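Visitor: Okay, here's the structure, questions in a sec.
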Amino acid sequence: MTGATPDRRRFLTAGAAVLGAAASAQLWLPTAARAAENPLPDGVFSLGVASGDPLPDGIVLWTRLAPDPLNGGGMPDSAVAVEWELAEDERFRKTARRGVAQARPEYGHSVHVDVRGLRPGRTYWYRFRAGGRLSPTGRTRTAPHPHRKGGSLRVALASCQNWQHGYFTPYADMLAQDPDFVLFVGDYIYESTPSATAVRRHEGTGEPYTLEQYRNRYAQYRSDPDLAAMHANAPWVVTFDDHEVDNDWAGEIPQDPGKQPHDAFVARLAAAFQAYYEHMPVRATAIPDGPHIRMHRRLEFGHLARLNVLDTRQFRSDQATGQAGAQDPSMTMLGADQKEWLLDGLRDSPARWNIIASQIMMAETDLQLGEGKLWYYDAWDGYQAERNALMAEFTRIRNPVVLSGDRHLTMISDLKEDFADPGSDVVGAEFVGTSISSNGDQDQAAFHAQWDPLMADNPHWKVIDAHRGYHLFDIRRDGIDARVRIVDTVLGPQAAASTLATLRVESDEPGVRVV
Ligand code: FE
Ligand code: CA
């Protein structure tokens, strides 16, 4: 596709100078195709562009045609040809790859292009064109060469963006920090009902259950300008947690089984997964099969880092309801297949850093002051046997680092071989990356009054905090430098960002320390 065809020459001469003008972009398509093309309305690219799951030689490019994004999309019930182009420069003078993809109604007119044949560790620019309209330009980056040992990788860890709790202001700062990729570990949308008293109100009239309702919810979230800009400026690696479907769901069990019969919940899962796929820059391996979706996967960043992205929702046992149940050895978080897949990937890893993206917190949270323990049963604490077996495994794994979300707090911990024994070995580090907006602007004094006394019960905690924001990691061979980036508010569209804490994980020295 990189040859200097007549088409390409025409594009190169006419396209660059007037970027954004549909007239010039028409030269992009052969005459016959142009004649067959029906014009699409203004705003067909209102959901922006995104990219994801970088490989050394490939990247997924994403867009979705939706001129009426909050009302089902507003597209005709037919497939539409979408041209895409990826270039080595911002002005699209040097095209690397291009082609035509089909935006199909059965996928909400989303487009997922799995581009291959690219150069490793390189920045590219991309854009789409359909129906005489040109998309915004996106920027993305491939993963480093598979044999590369050195270099550095900058990763931003984000999760939990509740539209009704605030504006997604941390992304404006993240954009300025220019990460190589964004790791999003769940709660991309919240399924909650619109609230009249919220900072920003959810669309619709209730919780989403149908495909169209989920589509509308995702479309609303994508209209946040900071989120859209972050998607357009770096690739994302995503996984879902509970709120992409239903609070605290587990396998095929909803939060309130009394309110949602099994068949209805399975239909809801299928709709939620379908909409998730349609809106995320993920490969075709993530196309759902009814109420099933494959999201656990591995990505390699040279010999520097291996990223294991987990699915801690779909294969888990239903949550325990007490301390004894949490210790039942039959409780599983990953399911047998995913657990085997994870262990294989950790044991055989050639990487310096073995990163695990876990939606939910892995380190212990003991909520019982003094004698005795009280856990959250939705987190890894509720699945003691499997978590503890994983901690034992970590003693034999090089540099395991867990990146999590869900808690709506920054919680940075040493991982212990045995949390019941404060004297046991440290086997790894965990960063729970607060939230983009969920829980809004918290009262910090109230948070610390409640949580600081628990530090004695949880001596593995290094930093706990309740500001909104994200974590930023500079990963190198000798260590990881981490920064907790926070914003002063999510109650308006603008915020000031700062570094709350700086931490360091040394290679081959398990654990994390505050710098
Ligand atoms: Fe959340
Ligand atoms: Ca205790």
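The values are calculated or read from the model by the stated rules, or taken from the named source; none is laboratory data. What you are looking at is a predicted structure, and each value in this text was computed from that prediction instead of being measured. Using ideal geometry, Cβ is built from the backbone for each residue, glycine included, and neighbour counts are taken over all protein chains shown.
Visitor: Restricting segment 431-486 to residues that are assigned to a loop (DSSP other than H, G, I, E, B) and either within 16 Å of ligand 2 (Cβ to nearest atom) or modelled with pLDDT under 95 (or both), which is surrounded by the fewest Cβ atoms within 10 Å (Cβ to Cβ)?
Guide: Pro459
Visitor: Can you tell me which residue in segment 168-192 is surrounded by the fewest Cβ atoms within 10 Å (Cβ to Cβ), limited to those that are of a type in the set (Val, Ile, Thr) and away from ligand 1 (no atom under 16 Å from the Cβ)?
Guide: Val182
Visitor: Now, a different point. Can you name the residue in segment 169-198 that is assigned to a loop (DSSP other than H, G, I, E, B) and of a type in the set (D, E, K, R) and is also farthest from Ala156 (Cα to Cα) among such residues?
Guide: By that ranking, first place goes to Glu191.
Visitor: What are the residue pairs meeting all of these: first residue in segment 295-318, first residue assigned to a strand (DSSP E or B), second residue of a type in the set (Asp, Glu) and surrounded by fewer than 22 Cβ atoms within 10 Å (Cβ to Cβ), Cβ atoms under 6 Å, and 6 or more apart or on different chains?
Guide: Filtered contacts from segment 295-318: Arg306/Glu300.
Visitor: For segment 380-429, give me the residue count where each residue is out of contact with any helix residue (DSSP H, G or I) (no Cβ under 8 Å at 6 or more places or on another chain), β-branched (Val, Ile, Thr) and buried (at least 16 other Cβ atoms within 10 Å of the Cβ).
Guide: Counting residues in segment 380-429 that are out of contact with any helix residue (DSSP H, G or I) (no Cβ under 8 Å at 6 or more places or on another chain), β-branched (Val, Ile, Thr) and buried (at least 16 other Cβ atoms within 10 Å of the Cβ) gives 5.
Visitor: Inspect all residues belonging to segment 281-294 and state whether any of them is assigned to a strand (DSSP E or B) and surrounded by fewer than 21 Cβ atoms within 10 Å (Cβ to Cβ).
Guide: Scanning segment 281-294, I find at least one residue that is assigned to a strand (DSSP E or B) and surrounded by fewer than 21 Cβ atoms within 10 Å (Cβ to Cβ), so the answer is yes.
Visitor: Return the total of residues in segment 200-217 being more than 16 Å from Tyr277 (Cα to Cα) and among the β-branched types (Val, Ile, Thr).
Guide: Residues meeting the conditions: 1.
Visitor: Then there's this: Go through (1) in a loop (DSSP other than H, G, I, E, B); (2) closer than 30 Å to Asn388 by Cα; (3) among the polar types (S, T, N, Q) for Gln260 and report which single condition fails.
Guide: Checking Gln260 against (1) in a loop (DSSP other than H, G, I, E, B); (2) closer than 30 Å to Asn388 by Cα; (3) among the polar types (S, T, N, Q), the one that fails is (2).
Visitor: Same structure, new question: If you take the residues of segment 146-167 that are touching a strand residue (DSSP E or B) at 6+ places or on another chain (Cβ under 7 Å) and polar (S, T, N, Q), which of them is farthest from ligand 1 (Cβ to nearest atom)?
Guide: Applying the filter and picking the extreme gives Ser152.
Visitor: Here is a follow-up. Select from segment 196-211 the residues that are over 16 Å from Pro69 (Cα atoms), without any contact (Cβ under 8 Å) to a residue 60 or more places away in the chain and either in contact with a Gly (Cβ under 8 Å, 6 or more places away or on another chain) or within 16 Å of ligand 1 (Cβ to nearest atom) (or both) and list them in ascending order.
Guide: Answer for segment 196-211, where residues must be over 16 Å from Pro69 (Cα atoms), without any contact (Cβ under 8 Å) to a residue 60 or more places away in the chain and either in contact with a Gly (Cβ under 8 Å, 6 or more places away or on another chain) or within 16 Å of ligand 1 (Cβ to nearest atom) (or both): Ala198, Arg200, Glu207.
Visitor: Go through segment 478-515 and report how many residues are under 25 Å from Ala363 (Cβ atoms) and free of Cβ contacts under 8 Å to residues at least 12 places away in the same chain.
Guide: 1
Visitor: Here is a further query. Cβ-Cβ below 6 Å, separation at least six or inter-chain, first residue in segment 356-370 and under 16 Å from Trp451 (Cα atoms), second of a type in the set (Lys, Arg) and within 16 Å of ligand 2 (Cβ to nearest atom): which pairs?
Guide: Asp366/Lys373
Visitor: Now a separate question. Only one of (1) assigned to a loop (DSSP other than H, G, I, E, B); (2) among the small types (Gly, Ala, Ser); (3) crowded, with 18+ Cβ neighbours inside 10 Å is not met by Gly117, so which one is it?
Guide: (3)
Visitor: Of all residues in segment 487-499, count the ones that are surrounded by fewer than 16 Cβ atoms within 10 Å (Cβ to Cβ) and part of a strand (DSSP E or B).
Guide: 2
Visitor: Filter segment 437-477 for residues that are without any contact (Cβ under 8 Å) to a residue 40 or more places away in the chain and within 16 Å of ligand 1 (Cβ to nearest atom) and give the result.
Guide: Of everything in segment 437-477, just one residue is without any contact (Cβ under 8 Å) to a residue 40 or more places away in the chain and within 16 Å of ligand 1 (Cβ to nearest atom), namely Gln442.
Visitor: I'd like the full set of residues that are touching a Phe, Trp or Tyr at 6+ places or on another chain (Cβ under 7 Å) and surrounded by fewer than 23 Cβ atoms within 10 Å (Cβ to Cβ), limited to segment 197-226.
Guide: Matches in segment 197-226: Arg200, Gln220, Tyr221, Asp224, Asp226.
Visitor: Ok, one more. Does segment 357-392 hold any residues that are touching an Asp or Glu at 6+ places or on another chain (Cβ under 8 Å), aliphatic (A, V, I, L, M) and assigned to a helix (DSSP H, G or I), and which are they?
Guide: Once the filter is applied, which keeps residues that are touching an Asp or Glu at 6+ places or on another chain (Cβ under 8 Å), aliphatic (A, V, I, L, M) and assigned to a helix (DSSP H, G or I), segment 357-392 yields Ala385, Met391, Ala392.
Visitor: So, in segment 401-413, of the ones that are of a type outside the set (Ser, Thr, Tyr) and touching a residue at least 60 places away in the same chain (Cβ under 8 Å), which residue ends up nearest to ligand 2 (Cβ to nearest atom)?
Guide: Ile412
Visitor: When you scan segment 354-363, do you find a residue that is over 19 Å from the mean Cα position of the chain (by Cα) and within 16 Å of ligand 2 (Cβ to nearest atom), even just one?
Guide: Looking for residues that are over 19 Å from the mean Cα position of the chain (by Cα) and within 16 Å of ligand 2 (Cβ to nearest atom), one finds at least one in segment 354-363, hence yes.
Visitor: Count, please, the residues in segment 321-334 that happen to be part of a helix (DSSP H, G or I), more than 16 Å from ligand 2 (Cβ to nearest atom) and either touching a helix residue (DSSP H, G or I) at 6+ places or on another chain (Cβ under 9 Å) or within 13 Å of Leu390 (Cα to Cα) (or both).
Guide: Qualifying residue count for the region: 1.
Visitor: Just name the residue that is farthest from the chain's Cα centre (by Cα) out of those in segment 335-353 that are touching a residue at least 12 places away in the same chain (Cβ under 8 Å) and assigned to a loop (DSSP other than H, G, I, E, B).
Guide: My answer is Pro350.
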